[in-house]
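Asks: Just passing along the structure, written as structure tokens.
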Amino acid sequence: MTSSTWGASRRDFMAGAAAGGLLLGMALPGAARAQDSTPKKGGTLRVGYTQGESSDSLDPATYSNDFMFATSYAVFSTLVEIGPDGTAQPDLAESFEPSADAASWTFRLRDDATFSDGRTVRAADVISSIRHHMGEGSKSGVKSLLDQISDIRADGDKVVIFDLKAGSADFPLILNDYHLTIRQDMDGRIDPDSRIGSGGYVIESFEPGVRIELVRRDDYWKQGRAHFDRVVLLKVGDPAARMNALVTGEVDLIDRPDLKTLPLMARNPNLRVHTQNGTLHYTMPMNVTAAPFDDVNVRMALKHAIDRQAIVDKILLGYGSVGNDHPIASSMRFYNADLEQHAYDPDKAKHYLSKAGLDSLDVTLQTSDAAFNGAVDASVLFGEAARAANITLSVSREPDDGYWSNVWLKSPFCCSYWGGRPTADLMFSSAYAAEADWNETSWSNPRFNDLLVSARSELDQDRRAEMYAEMQTLCQTDGGALIPAFGQYVSAMSTRINMPEQISEMWDLDSVRFIERWWMA
């Protein structure tokens, strides 16, 4: 079975995503979408990004923000990419096929794929690049996802075989991850700081957390991609400064515009707003190993002390929907629609406090708009609502720079966000499995972890649905992730920027591959 036939057979897997509007681009009135469907070479794309840190590096194991994700996909390549229909499609691999039990996957590499120094991409490059994220010493965010691999081996220079510990129908989608870009093999290892990649661009300059300048490769092997002559990524953390840079023409594209300014922006004929649904969700992770969050009753009290609808209405301005304390979007397959919705209920919150032996609760929530636009205001709104439940929630605003390295995964209670993952298994494995490096709540539920492994290789889809439904329930009633809302991805750009009619909207900006796929009119 080739990659194309595998993709076709997997379309029903993501049918819910398409039905949920993942393929729709929207613009506010007066901001008509450009319709030039013929890509053109040329131009400089300047991007004002919310994220980016001074601690950023080219080591793919360290990537933790959109600034580096976009760079990764532009300069390097992955074995597969996610297409508009949510399926895994060829990138460096021209085809991939599973064994009958999906416990072994064979990837054949393209013959024409080359690195920027002219060297052909080989199986050894793939093996060394993937192994960089494996092993006891790895701190990579995808280490836990790769634990299912028992062996990686080459069959000549152009074939790579992944042997898994158990069957996994979703395995190729893992290899789209922005960490898993392919670097050159150097005697069984890679140089994590190397700028030599097989993507459409090369790095001309790199100032971590400040600026990255990219130049298009003239010899890029992938036809019909990499249209901009140059790309400049700029960290512009302040929302007002980011918006001003777009309005004045200093940049051509910004992510996460201040939603309150969108009606004004829609009046500018040279700008347009792009929105997309997807798997984006905002979290307030509680570390379940730290008091008082080690008491499930305290966690449940906080989950009922937040006014979710108020956050959607006042912070997201309607660009989203309420969350239910699990990370599976309603558009995804295996979403548990029967799970009772957690609602703002101060009396129920007091009930759980009483079960914890408390009359009141004092906690501190560390936050920053680096976590998501409006995170500080959302935290303040949470504190105001929680007072009715005898909960004093102090908001500690942290510096934007260094938030992901100094606060996230270190604070017992903070703000975070997830772009989501294309399948329930990948989402749960990335952030909820006991050993996941990005398990931001340090939650370890034996039943959940057993189900996670079993569901991955379960071939009975009804049984698999039951397993994922129970896992969502466990997250909601026992887990440490307070998930108040799912949000739409919102970006703003010059009307000169063009994109294909159908883009991959699992994540923001064409699943962060906009640099390679979009072009300038």
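Taken together, the values in this text are just the output of simple stated rules run on the coordinates, not laboratory data. For clarity, every value in this text was computed on a predicted model and none was experimentally measured. Don't worry about glycine lacking a Cβ; one is built from the backbone with ideal geometry, like all the others, and counts go over all protein chains shown.
Asks: Can you give the % of DSSP beta bridges in the chain that are antiparallel, to the nearest 5?
Replies: DSSP beta bridges in the chain are roughly 75 percent antiparallel.
Asks: Right, next: Counting only DSSP beta bridges with both residues in the range 281-487, what percent are antiparallel, rounded to the nearest 5?
Replies: So the antiparallel bridges amount to about 60 percent of the total.
Asks: A follow-up question, please. Please list 3J(HN,Hα) in residue order for the range 334-343, calculated via the Karplus relation 6.51 cos²θ - 1.76 cosθ + 1.60 where θ = phi - 60°; whole Hz, with x for glycine and proline.
Replies: 6, 4, 8, 6, 8, 6, 4, 6, 5, 10
Asks: Stokes-Einstein diffusion coefficient for the range 170-252 at 4 °C in a medium of 1.567 mPa s, Rh from the Kirkwood formula over Cα pairs: what value in µm²/s?
Replies: 83
Asks: Could you tell me the relative contact order of the range 32-89? Use alpha-carbon pairs under 8 Å, at least six residues apart, and round to a whole percent. Kindly include the intermediate steps, with their values, before the conclusion.
Replies: Numbers: 23 pairs, mean separation 10.8, N = 58.
Computed value for the range 32-89: 19 percent relative contact order.
Asks: Rounded if a/c is under 1.5, else prolate if a/b is larger than b/c, else oblate: which is the range 318-376, with a ≥ b ≥ c the root eigenvalues of its Cα gyration tensor?
Replies: Values: a/c = 2.65, a/b = 1.26, b/c = 2.10.
It is oblate, given that a/c is not under 1.5 and a/b is not larger than b/c.
Asks: If you place +1 on the Cβ of every Lys and Arg and -1 on the Cβ of every Asp and Glu, how big does the dipole about the Cα centre of the chain come out, in debye to the nearest 20? Walk me through the intermediate numbers first.
Replies: Numbers: 50 positive and 72 negative charges, 219 e Å.
Charge dipole of the chain: 1060 debye, to the nearest 20.
Asks: A follow-up question, please. Just tell me which lysines come within less than 21 Å, Cα to Cα, of Lys222; anything on the same chain fewer than 8 places away is out.
Replies: By straight Cα distance, Lys222 reaches Lys40, Lys41, Lys158.
Asks: Under a point spin-label approximation (7 Å from Cα along Cα-to-Cβ), what is the Val296-Arg463 distance to one decimal in nm?
Replies: So the label points at Val296 and Arg463 sit 2.6 nm apart.
Asks: For the chain, just list the percent of Cα-Cα distances falling in each 20 Å bin from zero outward, please.
Replies: 23, 57, 19, 0
Asks: Sticking with the crude label model, points 7 Å out along Cα→Cβ, report the distance from Glu384 to Val159 in nm, one decimal please.
Replies: Here the modelled spin labels are 6.4 nm apart.
Asks: Taking loop as defined by DSSP and a crowding limit of 16 other beta carbons within 10 Å, which trypsin sites (Lys or Arg not before Pro) in the range 139-213 fit?
Replies: Lys139, Lys165, Arg189, Arg195
Asks: Using only helices, what value at 222 nm comes out for the chain when you add -39,500 (n - 2.57) per DSSP H run of length 4 or more and divide by the total residues, to the nearest 500 deg cm²/dmol?
Replies: Computed ellipticity for the chain at 222 nm equals -7000 deg cm²/dmol.
Asks: Further question on the same structure: Which longest run of the chain has no exposed loop site in it, a site being GluC sites (Glu not before Pro) in a DSSP loop with at most 15 other beta carbons within 10 Å, and the site itself not part of the run?
Replies: That would be 1-135.
Asks: Tell me the volume per residue, in Å³, of the convex hull enclosing the alpha carbons of the range 380-484.
Replies: 125
Asks: Further question: Based on the Cβ-Cβ distance of Asp193 and Ser99, what FRET efficiency does E = 1/(1 + (r/R0)^6) give at R0 = 35 Å, to the nearest 0.05?
Replies: My answer for the efficiency is 0.45.
Asks: Could you give the nm distance between label points at Ala241 and Asn406, where each point is 7 Å from its Cα heading toward the beta carbon?
Replies: Placing both labels 7 Å along Cα→Cβ, they lie 1.6 nm apart.
Asks: Along each principal axis of its Cα atoms, how long is the range 281-487 end to end? Whole angstroms, biggest number first, please.
Replies: Computed over the range 281-487, the largest-to-smallest principal extents equal 47, 39, 32 Å.
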